[in-house]
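Following: one structure in C-alpha cells, then a few remarks.
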Amino acid sequence: MRPNSQALKQRSLHETEREFGGTLGAVCIPVLLPLTVLFLISVSRSPEASLLQWPPVLPSTHQLWDPVALVLLLGWIALHALLYAMPLGKVSEGLTLRDGTRLKYPINGFLGLCVSGVLLILLLELGAPLGSLFELLLPLAVCAIALSFLFSIYLYIRSFWAPSHALALGGNTGNPLYDFFIGRELNPRIGNFDFKYFCELRPGLIGWVVLNLGMLMKEVELRGSPSLAMMLVNSFQLLYVADALWNEEAVLTTMDIVHDGFGFMLVFGDLAWVPFTYGLQASFLVEHPQTLSPLGSLTIIALNGIGYYIFRKSNSQKNQFRRDPTHPSVARLETIATATGKRLLVSGWWGLVRHPNYLGDLLMALAWSLPCGFSHLLPYFYVIYFTVLLIHREDRDERQCRAKYGLAWDTYCRRVPYRIFPYIY
C-alpha cells in the first residue's frame, strides 16, 4: 500500500500547486520571453551592446522578416525529423509510465550532430555564405517564436484526445491558459515519433552550434580570421552539445521527460530560447571583438575543464547508479533506503552537494562568458539567467523529492546540507 499512498501524495501536490506563477505566469511568460529573445539579439548587434540603454534598441519591421529564414528553419527541422526517424542506433526504453508501459526512444542524436557537421563542411567547401546567419538571426528567431506558438496550440488541442493516463499530472488543471503553457500531454506522439524527446535535443540544441559557426564565419568575413575568444566560445559550447547528444539516453530520466507536460514552456525553450540566447556570446563577439592574453585564455580553458569534469562525472555516477546499483563503480557508495524501494546516494559526488551537476554547469556557463571581457553585461546574461533557472529547478526538485521520499529525503538533506555550492548554498 505504501507506493500507492506516495503516488496519491504526489498527485495531490500537483493538483494544489501551480508552478511559474500560476495563471499570471502562464499569461506573462509567453509574452515577455519572446520579446526578451528579440531584444537580446538586437542589443548584441548594436554598437553599445547595453542592456540598460534607454530608449532600448528596437529592430525595424523589415529586420524581423525574411522568407529565407522560414525556409531554413523548416528545412532544418525536416532534416532532423528524418534523421530521428531513421532506423539507426540503439533503441532504449523510458521509465515506467502510470499505466505500466514503457515508451521506446531512438538513441541517434549524436549521429544527427555528425551528419550536420558533414553537411556544414560540404557547404563551406561549396562557398556557402554561412556568415549570413548573422544577418538572419532576428528573422530566424521570429520564425522560431511563431512556430513555437503554432506547435503549442496544436499540442494543446490534440491533448483532449489523449487518454487520462497520458496527461501530465501538473498540466491537467482545467485552466486553459496554464495548461497551454505547462503542457497537458506528457509524451505526445504520432506513431513512434515522440515530439517532446525530438525537440529536447535535436533541432534547437544542434541549431545553437550551427548559429555559433555562422557567427565565427561572419567574423572571418569581417577580419580575415576568427579570434581566440570566438574559437573558445564555439569550442566550449560544441563540447557541451556533443556531450549531451553522446549521453542522450540520460535525458530519459530528467524532469523534462519524466515530469513536465509538453506545452509552450518546453516548446519555446527548445526551439527558440536555447538556440538564440545560449549563444549570445558568439553574436556579441562579431561586433565587439576581444583580445585575450595567454594566461587569461589558459585560466578560462581550465575553468571550463573543471566545470565539465564535475558535470560529466557527477551525471555519469548518477546515471550508472540508476541503471545498475550493483556496478563496481557505484556499488560501494553509501546510500539511504526510501519507502519507495529506491535508494538515495549520500557519498561520491552526490555526497558533496545535492546537485553537483548544476555546479559544473554553472562553472562552464561562466567560462563561456569570460572570453567576452568585462566591459559589457550582455555576455553574462546566460550565466545570470542559468543561475536563477537552476536554483528554481533545484527548488522544484526539493519539493517533489520531499513528497516522494518523505522522511528519507529529510535524512538525506541532513547528511548533504549544501544544495549547489559547497559551504555557500
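The values are calculated or read from the model by the stated rules, or taken from the named source; none is laboratory data. Just so we're clear, the structure is a prediction, and the values are computed from it rather than from any experiment. Neighbour counts are summed over all protein chains in view; Cβ atoms, including those assigned to glycine, are modelled from backbone coordinates with ideal geometry. We work out accessible area using only protein heavy atoms, side chains counted, and drop any ligands, DNA or RNA first. Shrake-Rupley method; radii C 1.70, N 1.55, O 1.52, S 1.80 Å.
Values computed for the structure shown
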item: Whichever residue in segment 57-84 is among the small types (Gly, Ala, Ser) and surrounded by 11 or more Cβ atoms within 10 Å (Cβ to Cβ) and, among such residues, is farthest from Leu147 (Cα to Cα); result: Ala81
item: Qualifying positions in segment 383-401 - farther than 26 Å from Gln317 by Cβ and touching a helix residue (DSSP H, G or I) at 6+ places or on another chain (Cβ under 8 Å); result: Tyr385
item: Members of segment 144-168 found to be open to solvent by less than 10 Å² (accessible area, probe 1.4 Å), touching an Asp or Glu at 6+ places or on another chain (Cβ under 9 Å) and either in a helix (DSSP H, G or I) or at pLDDT 95 or above (or both), listed by number; result: Ser148, Leu155, Ser159
item: Residue among Thr338, Thr326 that is free of Cβ contacts under 8 Å to residues at least 40 places away in the same chain and among the β-branched types (Val, Ile, Thr); result: Thr326
item: Among (1) under 30 Å from Phe276 (Cα atoms); (2) at pLDDT below 90; (3) in a helix (DSSP H, G or I), the one test that Glu19 misses; result: (3)
item: Residue tally, condition open to solvent by less than 10 Å² (accessible area, probe 1.4 Å) and either part of a loop (DSSP other than H, G, I, E, B) or within 17 Å of Leu232 (Cβ to Cβ) (or both), over segment 381-399; result: 1
item: Gly127 vs. criteria part of a loop (DSSP other than H, G, I, E, B), farther than 22 Å from Asn192 by Cβ and not basic (Lys, Arg); result: yes
item: Some residue of segment 257-267 being more than 28 Å from Gly89 (Cα to Cα) and of a type in the set (A, V, I, L, M, F, W, C); result: yes
item: Options Gln281, Gln237, Gln290: the member that is buried (at least 18 other Cβ atoms within 10 Å of the Cβ) and in a loop (DSSP other than H, G, I, E, B); result: Gln290
item: Unique residue being acidic (Asp, Glu), closer than 30 Å to His259 by Cα, at pLDDT below 95 and surrounded by 11 or more Cβ atoms within 10 Å (Cβ to Cβ) when the list is Glu135, Glu93; result: Glu93
item: Which listed residue is closer than 25 Å to Cys114 by Cα and either modelled with pLDDT under 95 or under 23 Å from the mean Cα position of the chain (by Cα) (or both), from Asn187, Asn172, Asn234; result: Asn234
item: Given (1) part of a loop (DSSP other than H, G, I, E, B); (2) more than 30 Å from Glu287 (Cβ to Cβ); (3) open to solvent by 20 Å² or more (accessible area, probe 1.4 Å), index of the condition Val115 fails; result: (1)
item: Residue in segment 248-267 that is in a helix (DSSP H, G or I) and closer than 26 Å to Ala128 by Cβ present; result: no
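Listed here are the residues, each with its yes/no results for (1) of a type in the set (Val, Ile, Thr); (2) touching a helix residue (DSSP H, G or I) at 6+ places or on another chain (Cβ under 9 Å); (3) in a helix (DSSP H, G or I); (4) surrounded by fewer than 17 Cβ atoms within 10 Å (Cβ to Cβ).
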residue: Ala367; (1), (2), (3), (4): no, yes, yes, no
residue: Pro379; (1), (2), (3), (4): no, yes, yes, no
residue: Cys413; (1), (2), (3), (4): no, yes, yes, yes
residue: Tyr425; (1), (2), (3), (4): no, yes, no, yes
